[in-house]
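Report on the structure given below.
Readers should treat all values here as calculations from the given coordinates under stated rules, not as data from a laboratory. Just so it is clear, the model here is predicted, and its values are computed rather than measured.
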Amino acid sequence: MKQVEVQIMQQSYLLACPDGRESRLLDAVERLDTAMCKIRDAGKVRARDRIAVLAALNFAFELADRENAELQAQAQARQAPAPQPVPADSLPAGALSERDTLRLNQLIRQLDNALGGDGHLI
């Protein structure tokens, strides 16, 4: 574990940091310092602890918004219809060689056999 000295709103802090993660820590410190200075410079809040709480709340809201967007995207992806397989004999001539067509049909039969009573692939 490494110790890194940083400045946040012109105040020094000595932070512990896992080896090799210093650049990520410094990026986080820069984001926090920028956010806190922006709140301070808006002139409505002067107390450092209140500024820190507001900055933390802003970051928490941003994180929650991102997580919510990701969950919505995942839900939409699950609801999208699955692509239907195209039988080898319905592909345009020349799309597959005869050898590829035979191999594809063989693989489909193997999958159908593996699925057994659960249904057929095609």
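Rounded if a/c is under 1.5, else prolate if a/b beats b/c, else oblate: with a ≥ b ≥ c from the C-alpha gyration tensor eigenvalues square-rooted, which is the stretch 2-79?
It is oblate, given that a/c is not under 1.5 and a/b is not larger than b/c.
Using only alpha carbon pairs under 8 Å that are at least six residues apart, calculate the relative contact order of the stretch 1-88 and give it in whole percent.
That works out to 17 percent.
Test of understanding: what is the full-extension gain from Cys17 to Glu70, defined as 0.36 nm times their sequence separation minus their Cα-Cα distance?
Working: separation 53, 0.36 × 53 = 19.08 nm, distance 2.88 nm.
So the chain would gain 16.2 nm between Cys17 and Glu70.
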